[in-house]
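Enquirer: Okay, handing you the structure first.
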Amino acid sequence: MRTVARTIVVLGLALAPIGTFAQETQSAPQVVEQWGMFEKSFAGPREGNPFVDVELSASFERVDGSGKKVIVRGFYDGDGTYRIRFMPEEQGTWRYETTSNRPELNGKGGELSCGAPGAGNHGPVRVANVHHFAYADGTPFVAIGTTCYAWANQPENVEEMTLATLRQSPFNKVRMNVLEGNSNPLTYPYDQDANGRFDEMRFNPAFFQHFEKRVQDLQAIGIEAEPILFNPYKKGAMAWFDSLDNAGDDRYLRYVVRRLAAYHNVWWSLANEYGQVKGKTEADWDHFFQLVQAEDPYGHQRSIHNAAKFYDSNKPWVTHASIQNGSAVADFGRAVLYRELWPKPVMYDEICYEGNIDARWGQLTGEEMVKRFWLGTIAGTYVGHGETYSNPEKISWTSEGGILRGTSPARLAFLKKILESGPADGIEPIDEYYETHMGGKAGEYYLVYFGEERPTEWQFRLPRNPPAKKALTEGMRFHVDVLDTWNMTITPVEREFVTAKIAGSGFPVEGDGKITLPGRPYMALRIVRAR
């Protein structure tokens, strides 16, 4: 039985006032872009167990007198090397100083100059407008995510194939396990002795160096990396990990966060199907969230993924809800119900997978996958992709990565294009209790989605019920495009539509406004106010 009373332990070392350290000799401060990574390595002790015996942190402070200070924790990277990583979130000159329980690592310092971010670097993703996301610079983040659990623990040719595929895909977020579930992964996160026994007190730096290289590769192509910290799938040699004690769990989490937090494209998923992870209580998961939050000075996104059991996403350390529920986005009016539970973004990260395997969760058609994305979109939520097609190579996208074989990714690219040209503050349900086919920004922008229905015409009609009550008035003019979400076409309707009140109803409509539709499934309308 695990102990439920736990305490977060972080370095509580006294920091000398900035300016009293022995500054390193350097001709000019190192230049780092805003939201880039400053890394400093130090030579230190090898004896004993540096992973647990040596403490290292650094204080970074703006020298302009603003008082901005960030404390980051260092880590041991093997071979007598210790590292500090820092992601400057503000431009200007920063001065740093280390604090350690070892004299050879204590009092080291210097300066860095933080300049403008480079092309494509918008900073970390944050929650924006309650239910949506934006990068730190304010650029909207339209999440079109996918899952590749073990792609970072594959032969190099498979990993490179995955990166090449992602580079051409619409996906901008990838969920990926830190700890592999297969019986024989290529590398292990812990050191092994000559008999193959793992030492839970010593990490394998080579494993983490490779994992973070893949995080960096994703960053280079503009994709958010979402490491899944715990999972219930470990087999064979890694099965022992589920029996780590409290201190072992904490040591693992600290090490991972200290290595990865300075990458601006990182999110944290505490677990996949967390209720099936052996031996963990709700108090443990609360503690894990708080530990990750305390160790990460940049406040990256934090969530946890359910199976049958749901974690309370209203807790303050959860930034957004990560949901497994395919039926929630299988029909109109369902996805919004989860959104109403939490004043936070809702991401349906697992809705079953496009594929043809025997398992029922891996048999969606491409059409069904795309439909579920659109149903989640008009409900003001976000949906994640997965793919499980059988093939002679036995490389499945969601398990190992490789190549995409399904028909949905191209259509998801079309959806992404539509959303990126839509309202900057995200799609909202317009009237979730009556007009469940519609989402957008009331009075300005509407997406009307018909799913598998095959209408041949649609009466132009925009609801005036709350929350759109004050957004719509008579005499407003709108342009309409007919969207074929499967064939990926946009057909403008030549006429404008003007709102006019119908006596006795709550709907402003254009008096004789009807839009002709082709009678095919997966059609949608984009309705935009004319300026």
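The values are calculated or read from the model by the stated rules, or taken from the named source; none is laboratory data. Since this is a predicted model, take the numbers as computed values, not measurements. Glycine gets a Cβ as well: all are built from the backbone with ideal geometry, and neighbour counts include every protein chain shown. These area figures cover heavy atoms from the full protein model, side chains too; ligands, DNA and RNA do not enter into them. Shrake-Rupley method; radii C 1.70, N 1.55, O 1.52, S 1.80 Å.
Enquirer: Taking the condition assigned to a helix (DSSP H, G or I) and either within 21 Å of the chain's Cα centre (by Cα) or among the hydrophobic types (A, V, I, L, M, F, W, C) (or both), does ASP250 pass?
Expert: no
Enquirer: Okay, next question. Restricting attention to segment 149-175, which residues are surrounded by fewer than 18 Cβ atoms within 10 Å (Cβ to Cβ) and outside any helix (DSSP H, G or I)?
Expert: PRO155, GLN168, listed by residue number.
Enquirer: Any idea which of (1) closer than 30 Å to GLY422 by Cα; (2) touching a residue at least 40 places away in the same chain (Cβ under 8 Å); (3) open to solvent by 30 Å² or more (accessible area, probe 1.4 Å) is the one ALA119 doesn't satisfy?
Expert: The one condition ALA119 does not meet is (2).
Enquirer: Can you tell me which residues in segment 143-174 are farther than 19 Å from MET238 by Cβ and touching a strand residue (DSSP E or B) at 6+ places or on another chain (Cβ under 8 Å)?
Expert: Correct list: ALA143, ILE144, GLY145, THR146, THR147, LEU166, SER169, PHE171, ASN172, LYS173, VAL174.
Enquirer: Something else: For the list (1) surrounded by fewer than 17 Cβ atoms within 10 Å (Cβ to Cβ); (2) assigned to a loop (DSSP other than H, G, I, E, B); (3) not β-branched (Val, Ile, Thr), I need the number of the one condition that GLU111 fails.
Expert: Exception for GLU111: condition (2).
Here is a yes/no grid of residues against (1) over 23 Å from GLN209 (Cα atoms); (2) assigned to a loop (DSSP other than H, G, I, E, B); (3) at pLDDT below 95:
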{"site": "ALA262", "(1), (2), (3)": "no, yes, no"}
{"site": "HIS287", "(1), (2), (3)": "yes, no, no"}
{"site": "GLN290", "(1), (2), (3)": "yes, no, no"}
{"site": "GLN293", "(1), (2), (3)": "no, no, no"}
{"site": "VAL318", "(1), (2), (3)": "yes, yes, no"}
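Enquirer: In addition: If ASN106 meets every condition in (1) touching a Cys at 6+ places or on another chain (Cβ under 9 Å); (2) over 26 Å from LYS213 (Cα atoms) apart from one, which number is that one?
Expert: Of (1) touching a Cys at 6+ places or on another chain (Cβ under 9 Å); (2) over 26 Å from LYS213 (Cα atoms), only one is false for ASN106: (1).
Enquirer: Got a number for residues in segment 432-480 being among the acidic types (Asp, Glu) and open to solvent by less than 30 Å² (accessible area, probe 1.4 Å)?
Expert: Total meeting the criteria: 0.
Enquirer: Across segment 386-412, what is the number of residues that are assigned to a loop (DSSP other than H, G, I, E, B) and basic (Lys, Arg)?
Expert: Result for segment 386-412: 2.
Enquirer: Please determine whether any residue of segment 240-248 is in contact with a helix residue (DSSP H, G or I) (Cβ under 6 Å, 6 or more places away or on another chain) and among the charged types (D, E, K, R).
Expert: No; the residues of segment 240-248 include none that is in contact with a helix residue (DSSP H, G or I) (Cβ under 6 Å, 6 or more places away or on another chain) and among the charged types (D, E, K, R).
Enquirer: Additional query: Could you please give the count of residues in segment 264-276 that are open to solvent by 10 Å² or more (accessible area, probe 1.4 Å), under 24 Å from ASN314 (Cβ atoms) and either in contact with a Phe, Trp or Tyr (Cβ under 7 Å, 6 or more places away or on another chain) or part of a helix (DSSP H, G or I) (or both)?
Expert: The total comes to 2.
Enquirer: I need the full set of residues from segment 344-385 which are open to solvent by less than 10 Å² (accessible area, probe 1.4 Å), of a type in the set (Ser, Thr, Tyr) and part of a strand (DSSP E or B), in order please.
Expert: TYR348, the sole residue that qualifies.
Enquirer: Can you give me the number of residues within segment 122-148 that are in a loop (DSSP other than H, G, I, E, B) and open to solvent by 30 Å² or more (accessible area, probe 1.4 Å)?
Expert: Summing the residues that are in a loop (DSSP other than H, G, I, E, B) and open to solvent by 30 Å² or more (accessible area, probe 1.4 Å) in segment 122-148 gives 7.
Enquirer: Write out, first by first residue and then by second, each pair whose Cβ atoms fall under 6 Å of each other, whose residues are 6+ apart or on separate chains, and whose first residue, in segment 206-232, is in a helix (DSSP H, G or I) while the second is surrounded by fewer than 20 Cβ atoms within 10 Å (Cβ to Cβ).
Expert: Note: pairs meeting the criteria are PHE207/THR187; ASP217/LEU163.
Enquirer: Hey, another quick one. Kindly provide the set of residues from segment 24-72 that are touching a strand residue (DSSP E or B) at 6+ places or on another chain (Cβ under 9 Å), open to solvent by 60 Å² or more (accessible area, probe 1.4 Å), acidic (Asp, Glu) and not in a strand (DSSP E or B), ordered by number.
Expert: Across segment 24-72, the qualifying residues are GLU55, ASP64.
Enquirer: Follow-up. Of ALA206, ALA247, which residue is touching a Gly at 6+ places or on another chain (Cβ under 8 Å), open to solvent by 10 Å² or more (accessible area, probe 1.4 Å) and not acidic (Asp, Glu)?
Expert: Within the list ALA206, ALA247, the selection yields ALA206.
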